[in-house]
Amino acid sequence: MKRITKLATIIILCMTASFAKAQEYSIASPDGKIKVTVSLADGITYEVHYGNEPVLADCRMSLNVNGKVLGSAPSLKSVSRKSVDRVKHPFLHFKYSEVPDRFNQMTLKMKGGYSVEFRAYDDGIAYRFVTDLGGKIEIENEDISIFFPEETDLVLQQCDRFRTSYEERYTFVKASEWKESQKMAHYPILAITAKGTKVLMSESDLIDYPAAFFRSNDANGFTAVFPKVPAKEIPRSDKSNDILLREKYIAKTDGTREFPWRYFVITTDEAGLVETTMTCRLARDCKLDDVSWINPGQASWEWWNGAIPYGPDVDFKAGLNVETYKYFMDFASKYGIRYIVMDEGWAKDNMDPFTPNPDCDLHEIIAHGNKVGVGVILWLTWRCVEENPGLFAKFAEWGVKGVKIDFMDRSDQWMVNFYERTVKEAAKHKLFVNYHGAYKPAGLEYMYPNLLSYEGVTGMEQMGNCKPENSIYLPFIRNAVGPMEYTPGAMNSMQPDNYSARRPNSGGIGTRAYQMALFVVFESGLQMLADNPTLYYNNDDCTRFITSVPQLWDDTKVLSAKLGEHLVVAKRSGDEWFIGGISAEHKEPIELDVPLYFLPEGRNLTITSFEDGINADRQAMHYAKKSREVHKGDTIRIRMMRNGGYAAVIK
């Protein structure tokens, strides 16, 4: 009996010693609502509370560097804390011209040449590794293991491999039911707790490092997986390479550096997702001394409509030729559209950017654009850019304004570095960049604001697969983390049960008012008008509205939001307010009374709105244009039919 008692005492003492080894350090948001507790024991773990609700529990983090795991049996050297309250003024202000950046930061400096930094904001938390190892290091893996304490719903884009265009539709799974054997997912990911708290997860300051993917860890959460650095690849086509061999590491990088931020936007209100600026706040500052030449704007795009205008003034054979591009330029000039896009086919060969096709006298087209005030954007494959290092200098000499680079479809370290090298080189020659076939924004657009947009979305080029039931999530998830090239503007509007369209007579699902509202709701430094100039001419009032919508905003306010159902936003540019509302599939019209509390005092203003017509639930082309006087404090009634919308300007 004495031996048993003695053994029990030893076990208790050992357990007590083990628990004593666990050191805990906490940090709270400035308003005190969000608390992060970091535990140091055998590894580094953290948990997050939103008020009294545990949102994340026992999440793991570590970095495997040169065969050593930073974060395993961590030995703390020091803890430092600071509070920051500043305002950022990003050149690309997609939501706000002034971005408050207020947080509390805790830095845990460890023995072994590394630290972990945690930031707590009023709307979320972020952390990153910082190393001081010198020389070059190989990163074999980074452990980002997320665990939810209770049943949690996930909204994510899933893929079965690292080669992806990031255009997957959203899927909806419970964290406990997502199995490790199933498809991966990539940032951004939205989690919804049992109590309804929303957690939007992504990364910022993604520099010289691969983007993160995730697999289920079969424990009510998920764990990061990364594409390894390509060691050998061969051309598959003019658009992509086949990777035959990969290195054993995910990155080879500087030993003294800051690693990407892993962030979590936390809110009980859907509006907090739409209004977040977390990517911007965590991004590095602008690297360009002169940004005066960068002009965000709209572009008329010929691909979606087959480059075949057909109005009574078309007396030439339409196609990828001088006459057609001049026609597009004249259309753009009439409506104040800043650019046209010359997509695939403008060059004689996709790998030769110096030789236009015989029907495209590029110099004549650019000269005509200079005459009517419209610039040219040229489409390129990433392989063409990589294999023709002098092309940006030549394009600048020709007078090209920007490039649309396509088909990257990867986010390993090499490709992430390609993005930075390319946009940096483009800036030297005063060219802007639009990345197509691209991963999500992760801060590079703030370092180099000549990067106006990224695709990485199920947009309208997907025709009938681009439905409001999916697109309604974009402002809350994909567009919440950065600019998004969705290519809106369909004048042929249809409901999904009677959709039938293909190029050159393309069409979009959703009502006419829905299509118009997308220009207000969706954020992009370069916003396409995807449809045919002929249709825009035939719908002059709609065209004049959408071409009046700015690409950058001074203020953004969510007026009503319900995830998966509807969103109404008001955005200000200068003295003008625009309102955009979109909805998904629903049986009965959504009716909202929206107060105009944000208008200035003492001014008589006019609201001009484009609203769903009474028959828009069956004939999506049906809309009504209305105008009336409004004042601060007035209330407007917004009525959206299924897959419907509302678009308005107040001035």
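The values are calculated or read from the model by the stated rules, or taken from the named source; none is laboratory data. Because the structure is predicted, anything quoted here is derived from the model rather than measured. We place every Cβ from the backbone using ideal geometry, glycine too, and count neighbours over all the protein chains shown. Side chains are part of the model used for accessible areas, which takes the heavy atoms of the whole protein and leaves out ligands, DNA and RNA. Shrake-Rupley method; radii C 1.70, N 1.55, O 1.52, S 1.80 Å.
Scanning residues 5 or more positions from Trp346 or on other chains, none has an amide H under 5 Å from its amide H, with H placed 1.01 Å from N in the peptide plane. The amide H of Val225, built 1.01 Å from its N in the peptide plane, has Phe213, Phe214, Arg215 as neighbours under 5 Å, considering only residues 5 or more places off or on other chains. Whole-Hz Karplus values for region 420-435 come out as 5, 4, 5, 5, 5, 5, 4, 5, 4, 10, 6, 10, 9, 10, 10, 8 Hz, taken residue by residue from phi with 6.51 cos²θ - 1.76 cosθ + 1.60 and θ = phi - 60°; glycine and proline positions read x. Accessible area of Arg281 (1.4 Å probe, protein heavy atoms only, ligands and nucleic acids ignored): about 20 Å².
Rounded to the nearest 20, the size of the Cβ-charge dipole of the chain about its Cα centre is 1720 debye, with Lys and Arg at +1 and Asp and Glu at -1.
Quick one: helix 2-21 against the long Cα principal axis of the chain, what's the angle to the nearest 10°, folded into 0 to 90? Once rounded, the angle reads 40 degrees.
Taking 0.36 nm per residue of sequence separation and removing the Cα-Cα distance, the Glu180/Lys252 pair yields an extension gain of 23.2 nm. Protection proxy ranking for 507-517, 252-262, using the average of other Cβ atoms within 10 Å per residue and placing the highest first: 507-517, 252-262. Calculate the FRET efficiency for Lys371 and Lys428 from the Cβ-Cβ distance with a Förster distance of 22 Å, rounded to the nearest 0.05. According to the calculation, E is roughly 0.20. Each part reduced to its alpha carbon centroid, region 480-538 and region 563-611 end up 19 Å apart.
With K and R counted +1 and D and E -1, the other residues having a Cβ less than 13 Å from that of Gly112 yield a net charge of +3.
If you plug the beta carbon distance of Asp315 and Ala22 into 1/(1 + (r/R0)^6) with R0 = 60 Å, you get a FRET efficiency near 0.15. Distance between the modelled labels on Ser97 and Ser237, one decimal in nanometres: 4.5 nm (7 Å Cα→Cβ projection). Here the Karplus curve 6.51 cos²θ - 1.76 cosθ + 1.60, taken at θ = phi - 60°, turns the phi angles of region 310-318 into couplings of 9, x, x, 8, 8, 10, 9, 7, 6 Hz, with x standing for Gly and Pro. Taking 7 Å steps out from each Cα toward its Cβ at Arg502 and Thr635 produces label points 5.0 nm apart. Rolling a 1.4 angstrom probe over the protein chains, ignoring ligands and nucleic acids, what is the accessible area of Glu425 in square angstrom, nearest 10? Approximately 60 Å² for this residue. In this view, the solvent-accessible surface of Asp153, computed with a 1.4 Å probe and all protein chains in place, comes to about 60 Å². Distances between placed amide hydrogens fall under 5 Å for Asp634 paired with Leu596, all partners being 5 or more residues away or on another chain.
Here the Karplus curve 6.51 cos²θ - 1.76 cosθ + 1.60, taken at θ = phi - 60°, turns the phi angles of region 281-292 into couplings of 5, 8, 7, 6, 6, 4, 9, 9, 6, 10, 10, 5 Hz, with x standing for Gly and Pro. The listed residues Glu168, Glu177 rank as Glu177, Glu168 when sorted by accessible area, largest first, using a 1.4 Å probe.
Surface composition of the chain: carbon plus sulfur atoms contribute 47% of the solvent-accessible area (1.4 Å probe, protein chains only, all chains present).
Roughly how many Å is it from the Cα centre of region 340-373 to that of region 176-233, as a whole number? Cα centres, region 340-373 to region 176-233: 41 Å. With angles folded into 0 to 90 degrees, how steeply does helix 322-334 sit against the dominant principal axis of the chain? Use alpha carbons for both and round to 10. Orientation of helix 322-334: about 80 degrees from the principal axis. The calculated FRET efficiency for the pair Val84 and Glu53, based on their C-beta separation and a Förster distance of 22 Å, comes to about 0.25.
Straight-line reach from Lys651: which lysines fall under 29 Å, measuring Cα to Cα and dropping same-chain residues less than 8 apart? Counting by Cα, and skipping residues close in sequence, Lys651 has these lysines nearby: Lys88, Lys95, Lys334, Lys557, Lys562, Lys571, Lys625, Lys626, Lys632.
With both labels modelled 7 Å from their Cα along Cα-to-Cβ, the Thr268 to Thr608 distance reads 4.2 nm. Using alpha carbons only, how many degrees (0 to 90, rounded to 10) separate the axis of helix 512-521 from the longest principal axis of the chain? Around 50 degrees separate the two axes. Per residue, the chain exposes 38 Å² of accessible surface when a 1.4 Å probe is rolled over the protein heavy atoms with every protein chain present.
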